[in-house]
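What follows is one structure encoded as structure tokens, with my remarks underneath.
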Amino acid sequence: MNYFRAAIDEMTGYTPGEQPKPGTPIIKLNTNENPYPPSPDAIAVLRNLEGEWLRRYPDPYAKSFCRAVSDALGVPADWIIVSNGSDELLNVIVRSTAEGSERTVVYPMPTYVLYRTLAAMQPAKTVEIPYPSDYSLPIDALVKANGAVTFIASPNSPSGHLVPLEDLRSLAQQVSGIVVVDEAYVDFAEYSALPLVQEFENVMILRTLSKGYSLAGLRMGFGIGNPKLLAGLFKVKDSYNIDAIATAVGTAAMSDQAYKNACAEKVKASRSKLTIELKNLGFTVLDSQGNFVLATPTGANAEQLYLGLKNRGILVRYFKQPGLEDKLRITVGTDEQNQILIEALIGLIG
């Protein structure tokens, strides 16, 4: 079974045979990309690319990027591991901790589908714990599952909720395995679980430059954890997993926190406005801490709305799975893009 191809299709929302009408402009609100461009400093690095960077092998530890992360987040540089997108680091973690049928990968559902895919590729046993309707963390069930690794996305996708720090702290105190807090969307959230890595040797934080830094095409992510924990991961990662261009561009983007924060504030303001407009159309919208919202239409079929929007060149996510079949996940675009979406929904709902 092609686990990874299935995961790619599910993550991107790709549905064969269902395409917009030819010539229809595309508004892409289905893969949670940042609607604003990367830092001008990062673009300047690309414009000044030197051929010597390509002739030589890159730094296998991306130390310049680690120093930029250290400066930005206030963590020691040797507490950082860099990866080809945070997805690669997820793969390294599963391979390091859960290879073999007796090692368990645990996570609450619904969440990021790649956790399941990577476990299946090992193969490793998975335990999926359903979130209750209020999306409170099912701590007791997660502890009982006794995972070699427990993944908690916070903010979570597709729900958008942020897990309270006390719940994560309680989980870390009780489990014997590793707790990985996947913070792909943290740049749009009220707080981070980063303080927990100083408290617990078994807690690791994952970050990506795909969302807050507008660098989804670059493929660069990183993890933060106690060096004792990271030592095992360094043994598994590829020697030269981060190329020289990604390191240089990523370093420039990470060093420009002011620009990233300004863009994040614009996204959060647009998220609030979009939520109000969707509610005015009769949608139930969960409070979101990501750059997307999960919306349930009232008196309309979510799948039909998804197809109707796609036919108009507006791509949103529809999850045809239990508990999500009546919902749409909508990436927050620019205010102009969001308004086009709202006008299209008005036309579809009637």
Suppose each label sits 7 Å from its Cα in the direction of the beta carbon; what would the Leu307-Ile346 distance come out to in nanometres? 2.6 nm
What share of the DSSP beta bridges in the chain is antiparallel, in percent to the nearest 5? 45 percent
Under 25 Å from Lys320, Cα to Cα: lysines that are on another chain or at least 8 residues apart: Lys21, Lys28, Lys125, Lys211, Lys279, Lys310
If we sort 66-77, 180-191, 266-277 on the protection proxy, mean other Cβ atoms within 10 Å, highest first, what's the order? 180-191, 266-277, 66-77
With the other protein chains left in place, how much accessible area per residue, in square angstrom, belongs to region 112-178 at a 1.4 angstrom probe? 40 Å²
Keeping the other protein chains in place, figure out the carbon and sulfur percent of the accessible area of the chain, with a 1.4 Å probe. 52 percent
Approximate shape of region 26-164 as ellipsoid semi-axes (Cα gyration tensor, √5λ), whole Å, largest first: 33, 21, 16
At 1.4 Å probe size, put Tyr115, Tyr57 in order of accessible surface, largest to smallest. Tyr57, Tyr115
Can you work out the accessible area per residue across region 222-350, with the rest of the protein chains kept in place, probe 1.4 Å, in square angstrom? 42 Å²
Zero-based 10 Å bins, Cα pair distances in region 243-350, whole percents: 13, 41, 25, 15, 5, 0
Beyond 18 Å, what share of the Cα-Cα pairs of region 183-246 remains, rounded to the nearest whole percent? 46 percent
Please name whichever of Pro123, Asn84, Val106 sits farthest to the positive end of the charge dipole of region 51-142, dipole taken about the Cα centre and charges placed at Cβ: Lys and Arg +1, Asp and Glu -1. Asn84
Any idea what Rg and Dmax come out to for the chain if you just take the C-alpha atoms, in Å? 20.2, 60
Between the alpha carbon centres of region 199-245 and region 320-350 the gap in Å comes to 33 Å
Simple spin-label estimate for Ser133 and Gln174 in nanometres, 7 Å along Cα-Cβ: 2.3 nm
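The values are calculated or read from the model by the stated rules, or taken from the named source; none is laboratory data. Owing to the predicted nature of the structure, the values given are computational and were not obtained by experimental measurement. Positions of Cβ are generated from backbone atoms using ideal geometry, with glycine treated the same way; all protein chains shown enter the neighbour counts. Accessible surface areas use protein heavy atoms only, side chains included; no ligands, DNA or RNA. Shrake-Rupley method; radii C 1.70, N 1.55, O 1.52, S 1.80 Å.
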